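These notes are about the structure you will find just below.
Nothing in this text is a laboratory measurement; each read-out follows from the coordinates by a stated rule. Every value quoted in this text rests on a predicted model; they were computed, and no experiment measured them. Cβ atoms come from the backbone with ideal geometry, glycine included; neighbour counts cover every protein chain shown.
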Amino acid sequence: MLFRNDYNGLIIKTAFKGIKFNRGDSKHVVVTASAAEVWDDLVKKTVMAGLSGLENLSLIPGSVGAAPVQNIGAYGVEIKDVFDSLVAYDLPGQQIVTLTRIAGA
Ligand SMILES: Cc1cc2nc3c(=O)[nH]c(=O)nc-3n(C[C@H](O)[C@H](O)[C@H](O)COP(=O)(O)OP(=O)(O)OC[C@H]3O[C@@H](n4cnc5c(N)ncnc54)[C@H](O)[C@@H]3O)c2cc1C
C-alpha cells in the first residue's frame, strides 16, 4: 500500500512471522502462515517440503496477509483453491475472528 501524502491517522503494519506445517489427513497438510511472511517465501517452503498447490503462485510480490484479501491468482490457480481459513482482528468489532472461504467459491 503506497501513501502519496502524509496521513493523519493510525497505521498498523503487522509484523507476525512464522510458518508451520501440520498434517491434516493422508492427502492434505495444513500450512499455517503468519500475515507478515513474504508470500513467495511461503510458496518456496511448501515446494521444498514436497507439497503441491501453491507452486503456480510463486513470485507474486506481497505479504501472506494481503493474499486472501484480494484472492491472488496466477496461471489458473487462485488462493481460494487451497485456502481454508484465516484468523484476523476485526477492528470495528474489536474482536478476533475466524474467516473461512465462502461455500461454493
Ligand atoms: C510485479 C507485480 C506482479 C504481480 N503479479 C500478480 C499476480 O500474478 N497475481 C496476483 O494475484 N497479484 C499480482 N500482483 C499484485 C500483488 O499480489 C499485490 O500487490 C500484493 O498481494 C499486495 O501485497 P502487499 O503485501 O504489498 O499488500 P498491501 O498493499 O499492503 O495490502 C493489500 C491489501 O491487503 C490488505 N492487507 C494487507 N495485509 C493485511 C493483513 N495482515 N490483514 C488484513 N488485511 C491486510 C491491505 O489492507 C490492502 O487492502 C503483482 C504485483 C506486482 C507489483
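When you count the other C-beta atoms within 10 angstrom of each residue and take the mean per peptide, 43-52, 87-96 line up highest first as 43-52, 87-96.
Straightening the chain between V69 and N5 buys 20.6 nm, computed as 0.36 nm per residue apart minus the Cα-Cα spacing.
In deg cm²/dmol and to the nearest 500, what is the mean residue ellipticity at 222 nm of the chain if only DSSP H runs of at least 4 residues count, each as -39500 (n - 2.57), divided by the residue total? Let's see the in-between values first.
On the way: 2 runs with 14 residues, N = 105.
Roughly -3500 deg cm²/dmol at 222 nm, from the helical runs in the chain.
Counting only aspartates and glutamates at least 8 places from K44 when in the same chain, those with an alpha carbon closer than 13 Å to its own are E55. Ranking of D84, D40 by neighbouring Cβ atoms within 10 Å, starting from the fewest: D84, D40.
Restricting the calculation to alpha carbons of the chain gives Rg and Dmax of 15.1, 51 angstrom.
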